[in-house]
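Asks: One structure follows; several queries about it will come next.
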Amino acid sequence: MRVTWAPGASLSFRLDPEDEITGRASDEYPIKLAINSCSVGGVPDDAHPDLFAVAAWTVVAPWTRKRITFDRAVSAEVARALHDGWGVEAGPVGAEPRTPGSRLAISYSGGADSVAAATIFPDAPFVHFRRVAHPRVPNRWPHYRSDVLAKLAAQTGRELSVVTSDLEYTLAEPRPGYPEHHAVAAGALLLADRLDLGGLGFGYEMGSRWLGGGRYLWRFTPDNPMWSPHGRWGRLFAAAGVHIVLPVGGVSEAVTMRVALGSPLRDQVRWCLRGTDGPCRTCAKCLYKELIQAAVERRPLDTPITADRPQARKYLQKPPYGGQEMIQYGLARVPGIEDTLFAPVLDHFDVSEAATSWLERCYPPALDEIPQPWRAEAAAFVEANVGLMTESEVAKVESWGNA
Ligand SMILES: [Zn+2]
């Protein structure tokens, strides 16, 4: 793989003979290349070469097999992290390593998880990734209202940098999206010198970090290659002086929902990617989040979606489900759930409150892995507003998927 950054943070890349058109992301998900160019707007042209290298790697990693040649020398540290993490020879090598900055920024989407992360660090600036059209790739998924989400981010009143990018269109299948999840940070990386960043906070919660949630395996994943600070991505970001920080990595989506809806940013919370004046209420994500919100607020489910709709169909089947621990949590707490589209799922789980109470507290090792400059502030918030798991609750996390 050969990558070139032109002025205006315009990235182009060329595959070597051994590279693949259909690659695999860090979670083994197969993804197909659509086009070998993209750009990132709202960032400077003079960032440290390691930042350009890591930003490029978040885009091209799935399609790279053996080597990557950058257009400017990188540090030996970044080259080593690429070699140790991916078995890739990276060069040329020759830059001095970047000295980490002192600040933490939040990679802010506006969803409940990132709002919760933002609430823990009330003085942290936001970097918001806004998808824009690619000049040469048609938009096959026009429902995504990135303009609405950017407007909400602006209304938070926080120090905000909006990064615009078409990098998701490098991906043809399954549909436009981040080649690696870390590509959401491409703009924040390129802003790291200007914002004096030493850390970047993401809203990945316990399911994503520890329970193999999202697209991954359904098991306890202390070695999660995506988000463990000791994993390959964690080491690569650290080599560029921008530590991955997961302020809500030890708590469930019930906790992030409760924290977000109780925060000063409550009016700007938006997990739906489609709605304009409010959440659309009809997408699969709105249904899932409504279950969690109803559970947190201890009220009946309020959704126009009926059991015959495609968004609800998966609940007629057996587990596993995406966000399974939260489905279980919702079933245990929403009054009248047996009269809703979730009724068939009741057969599959222990839906007592006792069986799901671990989802209301923090898994302590998640605090231990927050880098030292930000650990105390996160721990103080969690101890005051959430509380730590007991030993038996910790065991629930660590036996997840084996029960
Ligand atoms: Zn929706």
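Asks: Inside segment 272-297, can you point out the residues that are farther than 14 Å from residue 111 by Cα, more than 8 Å from the ligand (Cβ to nearest atom), at pLDDT 95 or above and β-branched (Val, Ile, Thr)?
Replies: Once the filter is applied, which keeps residues that are farther than 14 Å from residue 111 by Cα, more than 8 Å from the ligand (Cβ to nearest atom), at pLDDT 95 or above and β-branched (Val, Ile, Thr), segment 272-297 yields only 296.
Asks: Within segment 96-115, is there a residue that is within 22 Å of residue 19 (Cβ to Cβ) and surrounded by fewer than 24 Cβ atoms within 10 Å (Cβ to Cβ)?
Replies: Within segment 96-115 (the criterion being within 22 Å of residue 19 (Cβ to Cβ) and surrounded by fewer than 24 Cβ atoms within 10 Å (Cβ to Cβ)), the answer is no, since none of the residues qualifies.
Asks: Give segment 238-253 a look and list any residue that's surrounded by 23 or more Cβ atoms within 10 Å (Cβ to Cβ) and either part of a helix (DSSP H, G or I) or within 16 Å of the ligand (Cβ to nearest atom) (or both), or say none.
Replies: Within segment 238-253, 239, 253 meet the criteria.
Asks: Are any residues in segment 116-146 among the aromatic types (Phe, Trp, Tyr) and surrounded by fewer than 18 Cβ atoms within 10 Å (Cβ to Cβ), and if so, which ones?
Replies: Listed by number, the residues that qualify are 141, 144.
Asks: Any idea which of 16, 27, 50, 46 is farther than 25 Å from residue 128 by Cα and not β-branched (Val, Ile, Thr)?
Replies: Of the residues listed, the single one that is farther than 25 Å from residue 128 by Cα and not β-branched (Val, Ile, Thr) is 16.
Asks: For segment 28-65, enumerate the residues that are modelled with pLDDT of 95 or more and among the aromatic types (Phe, Trp, Tyr).
Replies: Once the filter is applied, which keeps residues that are modelled with pLDDT of 95 or more and among the aromatic types (Phe, Trp, Tyr), segment 28-65 yields 52, 57, 63.
Asks: While we're here: Run down 303, 390 and say which single residue is among the polar types (S, T, N, Q) and open to solvent by less than 50 Å² (accessible area, probe 1.4 Å).
Replies: 303 is the lone residue from the list that is among the polar types (S, T, N, Q) and open to solvent by less than 50 Å² (accessible area, probe 1.4 Å).
Asks: Among the residues of segment 294-327, write down those that are out of contact with any Gly (no Cβ under 9 Å at 6 or more places or on another chain) and of a type in the set (S, T, N, Q).
Replies: 303, 306, 311, 317 - these are the residues of segment 294-327 that are out of contact with any Gly (no Cβ under 9 Å at 6 or more places or on another chain) and of a type in the set (S, T, N, Q).
Asks: Is it the case that segment 307-320 has a residue that's more than 15 Å from the ligand (Cβ to nearest atom), touching a residue at least 60 places away in the same chain (Cβ under 8 Å) and either in a helix (DSSP H, G or I) or of a type outside the set (A, V, I, L, M, F, W, C) (or both)?
Replies: Yes, segment 307-320 contains at least one residue that is more than 15 Å from the ligand (Cβ to nearest atom), touching a residue at least 60 places away in the same chain (Cβ under 8 Å) and either in a helix (DSSP H, G or I) or of a type outside the set (A, V, I, L, M, F, W, C) (or both).
Asks: Right, next: If you scan segment 318-343, which residues turn out to be modelled with pLDDT of 95 or more and either exposed (fewer than 14 other Cβ atoms within 10 Å of the Cβ) or on the phi > 0 side of the Ramachandran plot (or both)?
Replies: Hits for segment 318-343 are 335, 336, 338, 339.
Asks: In the set 135, 97, which member is out of contact with any Leu (no Cβ under 9 Å at 6 or more places or on another chain) and within 20 Å of residue 241 (Cα to Cα)?
Replies: Every option except 97 fails the conditions.
Asks: Only one of 286, 272 is in contact with a Cys (Cβ under 7 Å, 6 or more places away or on another chain), assigned to a loop (DSSP other than H, G, I, E, B), crowded, with 17+ Cβ neighbours inside 10 Å and on the phi < 0 side of the Ramachandran plot. Can you tell me which?
Replies: 272
Asks: Under the condition of being of a type outside the set (S, T, N, Q) and free of Cβ contacts under 8 Å to residues at least 24 places away in the same chain, which residue from segment 366-387 is surrounded by the fewest Cβ atoms within 10 Å (Cβ to Cβ)?
Replies: Out of the qualifying residues, it is 384.
Quick grid of which residues meet (1) closer than 15 Å to residue 98 by Cβ; (2) in the same structural domain as residue 242 (by TED's automatic domain parsing); (3) open to solvent by less than 10 Å² (accessible area, probe 1.4 Å):
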{"site": "12", "(1), (2), (3)": "no, no, no"}
{"site": "21", "(1), (2), (3)": "no, no, no"}
{"site": "24", "(1), (2), (3)": "no, no, no"}
{"site": "30", "(1), (2), (3)": "no, no, no"}
{"site": "54", "(1), (2), (3)": "yes, no, yes"}
{"site": "65", "(1), (2), (3)": "no, no, no"}
{"site": "76", "(1), (2), (3)": "yes, no, no"}
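Asks: Here is a further query. Looking for whichever is without any contact (Cβ under 8 Å) to a residue 12 or more places away in the chain and more than 16 Å from the ligand (Cβ to nearest atom) here; the options are 347, 267. Which one fits?
Replies: After ruling out the rest, the residue left standing is 347.
Asks: Please go through (1) in contact with an Asp or Glu (Cβ under 8 Å, 6 or more places away or on another chain); (2) at positive phi; (3) surrounded by fewer than 19 Cβ atoms within 10 Å (Cβ to Cβ) for residue 346 and return the number of the only condition it doesn't satisfy.
Replies: (2)
Asks: Grab the strands (runs of 3 or more DSSP E) fully contained in segment 146-214, keeping just those with 3 or more residues being outside the structural domain of residue 29 (by TED's automatic domain parsing) and farther than 30 Å from residue 389 by Cβ.
Replies: Here the list reads 160-165, 171-173.
Asks: Turning to a different aspect of this structure: For segment 135-143, indicate whether the set of residues that are within 25 Å of residue 51 (Cβ to Cβ) and in contact (Cβ under 8 Å) with a residue 40 or more places away in the chain is non-empty.
Replies: No: zero hits.
Asks: Among the residues that make up segment 350-357, is at least one of them buried (at least 19 other Cβ atoms within 10 Å of the Cβ), modelled with pLDDT under 95 and part of a loop (DSSP other than H, G, I, E, B)?
Replies: Scanning segment 350-357 turns up at least one residue that is buried (at least 19 other Cβ atoms within 10 Å of the Cβ), modelled with pLDDT under 95 and part of a loop (DSSP other than H, G, I, E, B).
The values are calculated or read from the model by the stated rules, or taken from the named source; none is laboratory data. No experiment lies behind these values; they were computed from the predicted model shown. Cβ sites come from the backbone with ideal geometry, for glycine too, and all protein chains shown count toward neighbours. For the accessible areas, the whole protein counts, side chains as well, though only heavy atoms, and no ligand, DNA or RNA atoms are used. Shrake-Rupley method; radii C 1.70, N 1.55, O 1.52, S 1.80 Å.
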